[in-house]
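Any read-out appearing in this document is the output of simple, stated calculations on the displayed coordinates, not a laboratory observation. Note that the structure is a prediction, hence the values are computed from the model and not measured. All Cβ positions, even for glycine, are placed from backbone atoms using ideal geometry, and neighbour counts span all protein chains on display.
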There are 2 protein chains.
Amino acid sequence: MTVSAETALPGPVLVIGCGLIGTSAALALTESGVVVHLEDIRSANLELAVSRGAGSSDPIESPALVIVAVPPAEVVETVQRVLSEWPAAAVTDVASVKADLHVRIGSLSGNARYVGSHPMAGSERSGPMAASARLFEGRPWAVTTGPDTDQHVVELVVRLAELVGGVPLVMDAEAHDQAVALVSHVPHILSVLTAAQLNGAPGEHLALAGPGLRDVTRIAGSDIALWQDILGANAEQVRAVLQAVREDLDRVIVSIGADADSLGEVLQSGQDGTRLIPGKHGDRVVDLSTVFVSVPDQPGEIPRLMAHVGESGVNIEDMRIDHELGRPVGQVEIAVLPVAADTLVEALTARGWSAYS
Amino acid sequence: MTVSAETALPGPVLVIGCGLIGTSAALALTESGVVVHLEDIRSANLELAVSRGAGSSDPIESPALVIVAVPPAEVVETVQRVLSEWPAAAVTDVASVKADLHVRIGSLSGNARYVGSHPMAGSERSGPMAASARLFEGRPWAVTTGPDTDQHVVELVVRLAELVGGVPLVMDAEAHDQAVALVSHVPHILSVLTAAQLNGAPGEHLALAGPGLRDVTRIAGSDIALWQDILGANAEQVRAVLQAVREDLDRVIVSIGADADSLGEVLQSGQDGTRLIPGKHGDRVVDLSTVFVSVPDQPGEIPRLMAHVGESGVNIEDMRIDHELGRPVGQVEIAVLPVAADTLVEALTARGWSAYS
């Protein structure tokens, strides 16, 4: 990654908090040639981040930008200290809920120099050893503003997001919280509610589970304490969407088996919703065809299959490996453009694979 | 696929209905050396199935087994005709809801020769041209029984399921319907309810969508008429689970922002539920580590990556290609056993890939 004129960021940058997000941002900035200093009250985290080349632990005199990457409960206090200690510095944080932060920071002296950030990136691991300069690549990075926000600081944080590989999206803090309630927090809760019903079911019932159930419930396995915090911080926005869910749920409960038209309207509304989700490269979703291939479950078989896909000249749009029940074989689902499906099936069949679309 | 002594099926077999499921079963049976005859009141479907080598359209004298693969509304009438026309034949159907069918068929003469089937396989396409002898490979195939069912017929249908590559699971028809409400029908509805909330949201809100939302809402894009039928036929069982969902939803609405412990209990219950879903090869889910790799979005890059994964000697447990926003690069997520994650990251980094775990 080279520093282009458009994305050059004035340094030095101070990162406070050497967890996953802070250390990842520091690694990406250092790699881009920005001078980065690090702080963490947990000296072990600080040492690890320094040892990974994320930056220097030397005291900093006058940072141009401070990234506050501390736990949510410590953000306001830390931002307050930073605004007062460095009167010329721009400040951002990385907490995942923003409106309340903007209100509380809005009453502080120097608040115009604060802009919120929410990089939509993470990992099931945490801490500086899990950090990566690549963590933000291609991920949305919300940049949130309040009524007093200095436009110069917004531009600086947009450049930060771009420099670490993210896709900056500037929005009002209220709009951000409403958006994440809709696209992240409520989907999480509905995934949890789906999975929660499985407790107590006989094993032979669960044996009928297919890939659909695994898709819907995947995110329900996430860290509980983290989600307690996130949902608690965005309670008002989440509750508003959940009440709309409840109305739709009641409509399904009443109409199922009694009013197929009304049930059909809810199903249609869901199908319409899926078509609004941005697809690959931020485009609208395009319809893809799926080619199914049976693959022996042993090292080297998937690479061998991929080599044959490569020989066919067909581009893979998406791919999944389906877990199978009771047999040592995997089914690979390769999503391709519809015009290419037959070509791929023929190419794979000719090379000895069991494939169909 | 060769016919082993355990899975040999007496023929000839008659398949009534040359849609996706009927034609796929016919193709798989023909490939195994079983003599298959075909019937379909839609002559175009019959001709297509015959032209694909699924079987013969000649009249059959005395089938050992009849597979009724007609639309749900025509199943009972067709089974009745078959039971009376061939007094020695075993009969099964492939509809996805079973208890009501067993009740209605239970009053027919010859009902002991009927066993229900529900192969848990499908495709976004339909009709004989979408059929494949591989459709059932590794998929659960529910075999449902009623109080009068002849054990010999159950064994015959179990052999059918095995012969076409499925994993037979014999269960009571009521238990089947309860199971699919839990693992398929209710997850479908919650996916729909999640997606339905997206209608009317501003585009900048949807731009924050990540892979979690896409996972939860994927199945909500399915065929609406099909799901109206399925849900209507299993209304009672589905409603019972939805009422439990509603209780949990109300608990979340009340506790969010007010009672973190109660919210945490619901989240815990969801996480527990995810761990009950059978994983690869029917085992319980094992925790896997994810290795993230950035891949240019052009033909040949994923095969090249897979070749390098193959050289590392690490087995791929699962894999996904994440759609990215606003940039021509894909992120591939490779799930591997935790002990192998560092090995894979090192091997890929050494070969020039941008990878982390």
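Hydrodynamic radius of the range A:69-221 by the Kirkwood approach over all distinct alpha-carbon pairs: 17.5 Å. Between residue B:148 and residue B:61, full extension at 0.36 nm per residue minus the direct alpha carbon distance yields a gain of 28.7 nm.
How high is the FRET efficiency from residue A:129 to residue A:298, r the C-beta distance, R0 41 Å, rounded to 0.05? Write down the numbers at each step before the final one.
Details: r = 31 Å, r/R0 = 0.76.
The calculated FRET efficiency here is 0.85.
Quick one: net charge around residue A:146, please, counting Lys, Arg +1 and Asp, Glu -1 for every other residue with C-beta under 15 Å from its C-beta. Computed value for this residue: -4. By DSSP, what percent of the beta bridges with both residues in the protein assembly as shown are antiparallel, rounded to the nearest 5? Roughly 50 percent of the DSSP beta bridges within the protein assembly as shown come out antiparallel.
All Cα-Cα separations within the range A:178-274 were binned at 10 Å from zero, giving a P(r) of 13, 37, 37, 12, 0, each value a whole percent of the pairs. DSSP beta bridges fully contained in chain A are about 50 percent antiparallel. Taking amide H positions as modeled 1.01 Å from N, with prolines and chain starts lacking one, the residues under 5 Å from residue B:354 and 5 or more places away or on another chain are B:294. Using a simple spin-label model with pseudo-atoms 7 Å out from Cα toward Cβ, residue B:260 and residue A:311 lie 5.8 nm apart.
Could you calculate the FRET efficiency of residue B:174 with residue B:339 from 1/(1 + (r/R0)^6), where r is the beta carbon distance between them and R0 is 56 Å, rounded to 0.05?
Working: r = 44 Å, r/R0 = 0.78.
Efficiency, rounded to the nearest 0.05: 0.80.
Rounded to the nearest 20 debye, the dipole size of the protein assembly as shown about its Cα centre is 680 debye, using +1 on the Cβ of Lys and Arg and -1 on the Cβ of Asp and Glu. Determine the sum of side-chain charges near residue A:17: Lys and Arg each +1, Asp and Glu each -1, restricted to other residues whose C-beta is under 11 angstrom from that of residue A:17. Around residue A:17, the surrounding residues sum to -3.
Helix B:224-233 and the long axis of chain B differ in direction by around 60°, with both axes built from C-alpha atoms. Sorted from closest to farthest, the other copies place their residue A:109 label points 9.9 nm away, with each point set 7 Å from Cα along Cα→Cβ. Projecting the Cα atoms of B:354, B:299, B:331 onto the dipole axis of the range B:289-356, where Lys and Arg carry +1 and Asp and Glu carry -1 at the beta carbon, places B:299 farthest toward the positive end. In chain B, the longest principal axis of the Cα atoms and the axis of helix B:301-312 are about 80 degrees apart.
For the protein assembly as shown, pairs of C-alpha atoms spaced more than 40 angstrom apart make up 37 percent of the total.
Within 10 Å of the Cβ of each residue in B:305-311, the mean number of Cβ atoms contributed by other protein chains is 5. Summarising the amide proton neighbourhood of residue A:56: residues at separation of 5 or more, or on other chains, whose placed amide H is nearer than 5 Å comprise A:36, A:37, A:38. In this simple spin-label model, placing a label point 7 Å from the Cα along the Cα-to-Cβ direction at both residue B:349 and residue B:104 gives a separation of 6.3 nm.
Rounded to the nearest 500 deg cm²/dmol, what is the calculated helix-only ellipticity per residue at 222 nm for the protein assembly as shown, with -39500 (n - 2.57) per DSSP H run of length n ≥ 4? Present the calculation step by step, with values, prior to reporting the outcome.
On the way: 28 runs with 302 residues, N = 714.
Here the helix-only value at 222 nm equals -12500 deg cm²/dmol.
The orientation-averaged projected area of the convex hull spanned by the Cα atoms of the range A:289-356 comes to 4.1 nm².
What's the average, rounded to a whole number, of partner chain beta-carbon atoms within 10 Å of each residue's beta-carbon in B:176-187?
6
Each principal axis of the Cα cloud of chain B was taken in turn, and the coordinate range along them, longest first, works out to 65, 53, 38 Å. Ranking A:30, A:241, A:70 by how far each Cα lies toward the positive end of the dipole of chain A (charges on Cβ) leaves A:30 at the top.
Label-point distances for residue A:211 to the equivalent site in the other copies, using a point 7 angstrom along Cα→C-beta, read 1.5 nm when ranked shortest first. Over all other residues within a Cβ to Cβ distance under 14 Å of residue B:251, the charged ones net out to -3, with Lys and Arg as +1 and Asp and Glu as -1. Starting from the label point of residue B:313 at 7 Å along Cα→Cβ, the same points in the other copies fall at 3.8 nm, in ascending order. Does anyone have the angle between helix A:235-255 and the longest principal axis of chain A? Alpha-carbon axes, 0 to 90°, nearest 10? Orientation of helix A:235-255: about 20 degrees from the principal axis.
Remark on the range B:66-137: Rg and Dmax equal 13.0, 37 Å (Cα only). The longest stretch of chain B left intact once loop-based GluC sites (Glu not before Pro) with at most 15 other Cβ atoms within 10 Å are removed from consideration, loops following DSSP, is B:125-357. Closest approach of any chain B Cβ to the axis that rotates B onto A belongs to B:306, 2, distance given in whole Å.
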